[in-house]
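A quick write-up on the structure given underneath.
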Amino acid sequence: METSRDESPAPWFGVRFWLLDAAAWSLFAFANTATGAADALRAGEPVVWWPALGNNLLLFAPWVFLTPAIFHWAERHPLPRDGGRGLARWLGHVALLAVVWTLFYLPVQASMMSWISFGTPWRVVEIFRRVSATTWLFDSIFLFSLIGIGLAISSWRSTRRQERQATRLALENAELSTRLAEARLHMLRAQLEPHFLFNALNSITALIRAAPPATAVRAVADLSDLLRYATRAAERDEVALEEELAFVEAYLAFQKLRFEDRLEVVFRIDSETADAALPPLVVQPLLENAIRHGVEPSSGRRRIELVARRQEDRLIIEVLNSFEQAIAPSTADSPGLGTGLETARRRLRAFFDGEADLTLDLDGGVATARVITPWRPVA
């Protein structure tokens, strides 16, 4: 990812910086000129503004170029936070900077003063003799003030870089999480039609073997309608519970062709749950599991109950069916989820960001498949 200029480690000095830099030092030159003019007025001497201002601008001109160099140094040598040896090394860098500044700035400044005073830049030694140490002290204060300002700017820019990097990483992580969730949903959707078709064909196979041909033909026609809904639903992110229940009723009608009076289904659906949002095709696997383990192994009549209710901010869907202990699954003490229920569970958790679950309880000859999701109306 490309970083912007203000996020790079090295400082950047655009036109605005140079304008502010020149304006600041010009202001210092004007202030120094005004101070000299005030001293002249108090002494009763004539005030010569423009030559004095020009001389001061010339004296402060080196600072216009020194400022970015010092800021660059501060960017490359931030104040250490660990102290100890790191602080000692940093102070060594400061001392080296002071030496370089002394060797460069003082001769240049003395040459300018010589030019202003004597009309030649070569009487540097005489300038050093005539100019008081206070003048050089003020220049040292300028130097260390610029170092402090540069360190402050460097710290601020470093904080901005870290904040932007953290924000960028957070956005990238969120995007990756979203893509991962979408990929999981697409993968789980891809499992819907093959799984449903496989089980439906098994039911038709059983009908062909045991039922009259007309019944098998009708089952094939019903299967066509069921697959049409399953195909369309698998392409959607969410459906209303009432749509799922309409599909479930058609599915149960299809299964009754096979089991006839052996299959009894009771619906207990609260009316306010009709518009509850669900991922498509998650209720049908609950009934499929109940039929497979409760109705198929038994020769008698079996009752399945489908319950849907709202409990505060939760939607609860339960499918209850009885089974004979002698033919109960071997996992009755610690029941697990088969392929259909496990796929439905994963889809629910992906759809509701991990806040939904599907469990299977076996107790006293009654199996209860229970779905608990956050309450959310369909969009």
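Below, the figures for the structure above:
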{"item": "First in the stretch 362-379 and open to solvent by less than 20 Å² (accessible area, probe 1.4 Å), second anywhere and of a type in the set (Gly, Ala, Ser), Cβ under 6 Å, 6 or more apart", "result": "365/322; 373/356"}
{"item": "Any pair with Cβ under 7 angstrom, 6 or more apart, that starts in the stretch 258-277 at a residue that is more than 23 Å from residue 374 (Cβ to Cβ) and ends at one that is acidic (Asp, Glu) and open to solvent by less than 70 Å² (accessible area, probe 1.4 Å)", "result": "266/305"}
{"item": "Long-range neighbours under 6 Å by Cβ, at least six apart or interchain, first residue polar (S, T, N, Q) within the stretch 17-31, second at pLDDT below 90", "result": "none"}
{"item": "Qualifying residue in the stretch 72-87 (condition: at pLDDT below 85 and among the basic types (Lys, Arg))", "result": "yes"}
{"item": "Filter pass, residue 90 being more than 30 Å from residue 15 (Cα to Cα) and out of contact with any Gly (no Cβ under 6 Å at 6 or more places or on another chain)", "result": "yes"}
{"item": "Matching residues, the stretch 37-84, being over 39 Å from the mean Cα position of the chain (by Cα), open to solvent by less than 40 Å² (accessible area, probe 1.4 Å) and among the small types (Gly, Ala, Ser)", "result": "37, 38, 40, 52, 54, 61"}
{"item": "Residues within the stretch 267-288 that are touching a helix residue (DSSP H, G or I) at 6+ places or on another chain (Cβ under 9 Å), of a type outside the set (Asp, Glu) and either open to solvent by 30 Å² or more (accessible area, probe 1.4 Å) or assigned to a strand (DSSP E or B) (or both), tallied", "result": "6"}
{"item": "Any chance residue 306 is surrounded by 15 or more Cβ atoms within 10 Å (Cβ to Cβ), of a type outside the set (Gly, Ala, Ser) and touching a Lys or Arg at 6+ places or on another chain (Cβ under 8 Å)", "result": "yes"}
{"item": "The one condition in (1) at pLDDT below 80; (2) in a helix (DSSP H, G or I); (3) under 25 Å from residue 25 (Cα atoms) that residue 129 fails to fulfil", "result": "(3)"}
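The values are calculated or read from the model by the stated rules, or taken from the named source; none is laboratory data. All figures in this text were calculated on a predicted structure; none of them were measured in a lab. Note that each Cβ is placed from the backbone with ideal geometry, even for glycine, and that neighbours are counted across all protein chains shown. Quick note on the areas: whole protein, heavy atoms, side chains included, nothing else; ligands and nucleic acids left out. Shrake-Rupley method; radii C 1.70, N 1.55, O 1.52, S 1.80 Å.
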